[in-house]
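J.: My questions all concern the structure below.
The values are calculated or read from the model by the stated rules, or taken from the named source; none is laboratory data. These numbers were taken from a predicted model, which means no experiment stands behind them. Note that each Cβ is placed from the backbone with ideal geometry, even for glycine, and that neighbours are counted across all protein chains shown.
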Amino acid sequence: MMRTHTCGELRSGDIGKDVTIAGWIRFSRDHGGVLFFDVADTYGITQAVYDPESITADGYAELGDILKTFSRESVIKVIGTVRNRVPGTEDGRNPTGEVEVLIKTAELLNSSKPLPFEVAEQKGSMLPSEDLRLKYRYLDLRRHVMAENLRFRHRVVTSLRTALNSRGFTEIETPMLVRSTPEGARDFIVPSRSSPGDFYALPQSPQMYKQMLMVGGMDRYFQLARCFRDEDSRSDRQPEFTQIDMEMSFVDVSDIQETIEFMLSEMWKNVYGEELKTPFPRVSFYDAMHKYGTDAPDIRYGLELHDVTEIVRNANYEIFKRILSKNGKVECVNVKAEYTKGGSEEGGVGRNEVDRLIEWAKSQGMGGLTWMRMTPEGLQSNIVKYFPDEVKDALVAEMDAKEGDLLLYLAGSEIAALKAGGELRRKLAADLGLLEGKPHQFVWLVDCPLFQRDSATGQIEAFHHMFVCPENMDLSGEITDIKGLSYDLVLDGSEIGSGSMRCHDPEVQHKILEMIGMSEEKIQDEFGFFLEALSFGAPPHGGIALGVDRLISLLLGCESIRDVIAFPKNKKFQSLVDGAPASVEEEKLSELQLLSLAGEDFDDSDFEE
RNA sequence: GCCCUGGUAGUGUAGCGGCCUAUCAUGAAGCCCUGUCGAGGCUUCGACUCGGGUUCAAAUCCCGACCAGGGCGCCA
């Protein structure tokens with residue numbers, strides 16, 4: 001047995017025991033005679049002490065000389081006796097701080113070179129640049145917070161699995177080498193050696209497989225599914241990511257929502273020991289866009305948007321008149337007095353702060369931002385003179401303006417004004433600290449349209465994806481008015497999941513593929529197998545997929561999902577720890593009958609325009 | 001494809017035309033010290049991303065490249 005205890009478990013109750021511990025030398029302190037070693041593993045830190053006053057056996061002096069040569073982060077095994085520390089020198093910050101291990105013998109298991117950055121908890125937390133952390137990810141994981149993040153992730157995922165298991169779900173793996181399909185994100189492509197010139201794709205999601213599992217009668221499926229999308233990175237997007245993917249047969253929307261609420265509340269109990277309030281609030285897509293300016297609303301604070309277009313139509317304010325003449329909209333946010341501190345400059349929204357918001361609005365692509373402050377004399381600002389009294393009265397009534405409130409207006413095209421309004425809400429909430437101490441809030445986003453028009457081409461496309469079941473089967477009429485039986489799960493203003501009832505009727509599925517502009521030939525070529533599957537008695541079914549990385553990083557308050565992934569890619573999709581992607585030997589390319597990019601004759605100037 | 005921010009010893013930073021032979025901390029190497037614990041003391045080591053330009057003078061200003069991050073587009 002290499003160790004009897006981890007570095008996190010010895011307590012005063014263990015005093016007198018002969019123990020063996022092993023770990024990394026996180027710190028060592030040489031006092032000229034007595035030596036201290038903080039032996040660390042992922043469970044904790046235990047102090048080991050070399051004490052020539054306590055042990056005078058032959059050879060102990062030589063042991064001291066050897067111990068002095070051990071470098072930091074070297075791995076050692078210590079055999080010794082647990083004893084309490086000299087009274088007054090206990091370390092209250094450390095659970096093992098009452099005791100220490102008196103070293104009888106010690107063995108160097110492996111030495112360590114000086115690390116490229118500090119792994120130990122440091123003054124002023126000197127976190128190195130992220131590319132260095134990613135290159136030496138295995139060292140970054142020695143840092144306590146990183147290890148805790150991964151363990152938290154494990155606890156969450158285990159709880160989710162247990163909850164689904166208790167509801168009769170079967171965990172089933174679907175293929176990683178799949179057929180590339182049109183629409184959606186760019187695929188990662190894998191060349192086939194046995195079918196030269198053909199390619200697999202890595203799955204963007206197991207969507208059609210899980211639906212075929214329902215056709216196969218599996219009834220309730222889930223999977224922790226790795227998904228791949230070759231689209232540009234963000235702080236909450238990685239080229240490969242994990243979803244908890246599920247599908248259920250013979251259910252309706254509320255069954256699926258209830259299942260998710262159950263699963264998450266079970267997880268909440270396990271992880272936080274608290275009840276999660278269910279059911280989650282439902283917000284319609286329309287309300288989300290018009291009150292919160294986003295399809296992923298954060299309802300933990302107010303600052304709702306109000307459409308005041310019709311009210312300000314009668315003002316003589318040139319900027320608004322110009323925008324309204326082009327069918328624009330004016331959105332207004334009331335920053336309540338308690339947030340603005342009545343316009344005082346300290347921590348509130350004073351005149352300087354308003355100027356900064358105007359600059360910020362310009363950076364968001366808006367022309368600017370108009371403001372008015374409510375005073376005992378009514379609305380005041382540099383431009384109220386253009387607003388007749390009845391307009392001002394209507395604004396005060398619509399916005400429920402009280403003394404000290406600050407009204408902010410964004411004007412532009414409807415989508416621009418709403419989007420900027422949504423961003424303004426986020427910015428104000430962050431700047432004013434409105435989220436401090438607020439508990440997490442899940443929201444269902446419902447009543448989404450089935451289709452939308454591409455803003456550039458005008459082409460009809462699926463709002464979520466092409467497998468969403470329409471709310472009713474009448475697909476005539478204005479196409480963007482058709483609703484889908486879909487539901488997005490939003491946590492604290494971030495989308496973490498998207499689900500729907502699916503088209504189990506092959507005719508409905510076929511019709512939708514047509515409506516998004518696919519030719520019959522393409523439908524048969526790309527989706528023929530799937531339509532055929534639906535034609536053999538596909539049960540009514542639906543499901544959802546939740547982004548595990550996002551969920552975990554939101555719960556932990558991480559700035560990036562990279563902090564909850566053991567070996568993430570950087571912004572350019574490189575794996576810094578092993579240097580992927582990398583060139584491969586010409587022989588391998590040749591086997592795959594791919595154009596040799598490694599050949600000596602290859603001249604890439606041929607490919608320049 | 002576009003926009004923004006940043007690149008100074010191993011690490012994190014200060015400096016932002018001449019006070020720079022570049023600050024501080026940490027680290028590493030060496031020495032001292034028998035109760036520290038993110039020990040302490042002393043000594044030493046170690047850096048301006050690259051290429052142009054402006055200037056009497058560039059870490060500092062300008063241009064370009066490269067690298068990193070954030071965002072827009074994109075992400076069924």
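J.: Restricting attention to region A:528-548, does a residue exist that is of a type in the set (S, T, N, Q) and either modelled with pLDDT under 95 or buried (at least 16 other Cβ atoms within 10 Å of the Cβ) (or both)?
T.: No, that holds for no residue.
J.: Under 8 Å by Cβ, and 6 or more places apart or on different chains, what pairs join a residue from region A:452-467 that is free of Cβ contacts under 8 Å to residues at least 24 places away in the same chain with one that is near RNA strand B (Cβ under 9 Å from one of its atoms) and of a type in the set (D, E, K, R)?
T.: Hits for this filter: A:Asp454/A:Glu461.
J.: Can I ask one more? Test each condition in (1) surrounded by 18 or more Cβ atoms within 10 Å (Cβ to Cβ); (2) within 11 Å of RNA strand B (Cβ to nearest atom); (3) of a type in the set (Asp, Glu); (4) without any contact (Cβ under 8 Å) to a residue 40 or more places away in the chain for A:Asp30 and report the one that comes out false.
T.: Going through (1) surrounded by 18 or more Cβ atoms within 10 Å (Cβ to Cβ); (2) within 11 Å of RNA strand B (Cβ to nearest atom); (3) of a type in the set (Asp, Glu); (4) without any contact (Cβ under 8 Å) to a residue 40 or more places away in the chain one by one, A:Asp30 breaks only (1).
J.: Pull up region A:104-114, narrow it to residues that are out of contact with any Ser or Thr (no Cβ under 9 Å at 6 or more places or on another chain) and in contact (Cβ under 8 Å) with a residue 40 or more places away in the chain, then point me to the one that is farthest from A:Thr6 (Cα to Cα).
T.: To start, the set of residues in region A:104-114 that are out of contact with any Ser or Thr (no Cβ under 9 Å at 6 or more places or on another chain) comprises A:105-107.
Still in the list and also in contact (Cβ under 8 Å) with a residue 40 or more places away in the chain: A:105-106.
On the way: A:Thr105: 17, A:Ala106: 16 Å.
Only one residue tops the list, namely A:Thr105.
J.: Just checking, which of A:Glu247, A:Glu240 is within 14 Å of RNA strand B (Cβ to nearest atom), at pLDDT 95 or above, over 21 Å from the mean Cα position of the chain (by Cα) and surrounded by 15 or more Cβ atoms within 10 Å (Cβ to Cβ)?
T.: Working: A:Glu240 fails: over 21 Å from the mean Cα position of the chain (by Cα).
That would be A:Glu247, the only listed residue that is within 14 Å of RNA strand B (Cβ to nearest atom), at pLDDT 95 or above, over 21 Å from the mean Cα position of the chain (by Cα) and surrounded by 15 or more Cβ atoms within 10 Å (Cβ to Cβ).
J.: A further question follows. Going by what's in this entry, would A:Met208 be described as outside any loop (DSSP other than H, G, I, E, B), of a type in the set (A, V, I, L, M), within 19 Å of A:Ser498 (Cβ to Cβ) and within 13 Å of RNA strand B (Cβ to nearest atom)? Before you say what the answer is, go through the steps one by one.
T.: Values: outside any loop (DSSP other than H, G, I, E, B): yes; of a type in the set (A, V, I, L, M): yes; within 19 Å of A:Ser498 (Cβ to Cβ): yes; within 13 Å of RNA strand B (Cβ to nearest atom): yes.
Yes, satisfied.
J.: Which strands (runs of 3 or more DSSP E) does region A:459-515 wholly contain that include 2 or more residues that are within 22 Å of A:Arg550 (Cβ to Cβ), in contact with a Lys or Arg (Cβ under 9 Å, 6 or more places away or on another chain) and aromatic (Phe, Trp, Tyr)? If you could, list the steps in order and put the result at the bottom.
T.: Values: elements: A:460-462, A:486-491, A:494-501.
Where strands (runs of 3 or more DSSP E) fall fully within region A:459-515, none carries at least 2 residues being within 22 Å of A:Arg550 (Cβ to Cβ), in contact with a Lys or Arg (Cβ under 9 Å, 6 or more places away or on another chain) and aromatic (Phe, Trp, Tyr).
J.: On to the next question. Listed residues A:Ala416, A:Ala429; which is among the hydrophobic types (A, V, I, L, M, F, W, C), part of a helix (DSSP H, G or I), within 14 Å of RNA strand B (Cβ to nearest atom) and surrounded by 19 or more Cβ atoms within 10 Å (Cβ to Cβ)?
T.: Details: A:Ala429 fails: within 14 Å of RNA strand B (Cβ to nearest atom).
So the residue among A:Ala416, A:Ala429 that is among the hydrophobic types (A, V, I, L, M, F, W, C), part of a helix (DSSP H, G or I), within 14 Å of RNA strand B (Cβ to nearest atom) and surrounded by 19 or more Cβ atoms within 10 Å (Cβ to Cβ) is A:Ala416.
J.: Now for a different question. For region A:208-227, does any single residue satisfy the condition of being under 23 Å from A:Lys571 (Cβ atoms) and either touching a residue at least 24 places away in the same chain (Cβ under 8 Å) or surrounded by 17 or more Cβ atoms within 10 Å (Cβ to Cβ) (or both)?
T.: yes
J.: Checking the conditions here, which among A:Thr81, A:Thr96, A:Thr56, A:Thr69 is of a type in the set (S, T, N, Q) and under 30 Å from A:Val577 (Cα atoms)? Walk me through it before giving the result.
T.: On the way: A:Thr81 fails: under 30 Å from A:Val577 (Cα atoms); A:Thr96 fails: under 30 Å from A:Val577 (Cα atoms); A:Thr56 fails: under 30 Å from A:Val577 (Cα atoms).
Selected residue: A:Thr69, the only one of A:Thr81, A:Thr96, A:Thr56, A:Thr69 that is of a type in the set (S, T, N, Q) and under 30 Å from A:Val577 (Cα atoms).
J.: Among the residues of region A:87-116 satisfying the criterion of being farther than 15 Å from A:Ile21 by Cβ and either in contact with a Gly (Cβ under 8 Å, 6 or more places away or on another chain) or of a type in the set (Phe, Trp, Tyr) (or both), which is nearest to RNA strand B (Cβ to nearest atom)?
T.: Result: A:Asp91.
J.: Output yes when any residue across region A:522-537 is over 22 Å from A:Leu475 (Cα atoms) and outside any helix (DSSP H, G or I), and no when none is.
T.: yes
J.: Report, by residue number, each residue of region A:117-136 that is touching a strand residue (DSSP E or B) at 6+ places or on another chain (Cβ under 8 Å) and more than 9 Å from RNA strand B (Cβ to nearest atom).
T.: A:Val119
J.: Go through (1) touching a Leu at 6+ places or on another chain (Cβ under 6 Å); (2) over 25 Å from A:Ser159 (Cα atoms); (3) within 16 Å of RNA strand B (Cβ to nearest atom) one by one and return the number of the condition A:Pro191 breaks.
T.: (3)
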